[in-house]
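The next block holds one structure in the form of structure tokens; read it before the comments.
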Amino acid sequence: NKMSEKSFYAWELSKENAAPLARGRNVKTLENKLMQPIDSAKDRAEKEQLKDHFERMIAKDTEDPLIQWLSYIKFYQDAYPSDTHSTFLLMERCARTLMHIEKYKNDVRFI
């Protein structure tokens, strides 16, 4: 299959640009991100809109804010597979924001 050979080759050339995740990665999403040329202005604008959406979500007062944080972190890891520093900063922000909430002390999603 020509396409799968092409995808495999593209993955082999750029796999060092994707940080590994404990949950694994969606192969199709990762291939699409790694095979794209440098982000277009339209792509960057769409990512910024999604980041703004997630920022608004985590700012809302909800019963379980961890759900919004986890969605934001997953989006960030998928949208920026090689940006481990910014992902770490986002995860740290989540931890600092939620660490004083008692119900998350033993929550496996937070640990």
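The values are calculated or read from the model by the stated rules, or taken from the named source; none is laboratory data. Model, not experiment: these values are computed from the prediction. Cβ sites come from the backbone with ideal geometry, for glycine too, and all protein chains shown count toward neighbours.
Selection of the range 46-83 for residues being small (G, A, S) and either touching a strand residue (DSSP E or B) at 6+ places or on another chain (Cβ under 7 Å) or modelled with pLDDT under 90 (or both) yields A79, S82.
With T84, T97 as the choices, which residue is exposed (fewer than 14 other Cβ atoms within 10 Å of the Cβ) and closer than 15 Å to A22 by Cβ? Going through T84, T97 in turn, the sole match is T84.
Could you give me the residue pairs with C-beta distances under 9 Å whose first residue belongs to the range 71-85 and is more than 13 Å from E55 (Cα to Cα), whose second residue is assigned to a helix (DSSP H, G or I) and basic (K, R) wherever it lies, and which are 6+ apart or on separate chains? Sorted first by the residue in the range 71-85, then by its partner, the pairs are D78/K33; A79/K33; A79/K47; A79/K51; Y80/K33; Y80/K47; P81/K33; S82/K33.
From the list L34, L89, the lone residue that is among the hydrophobic types (A, V, I, L, M, F, W, C), modelled with pLDDT of 90 or more and either more than 19 Å from L21 (Cβ to Cβ) or under 15 Å from the mean Cα position of the chain (by Cα) (or both) is L89.
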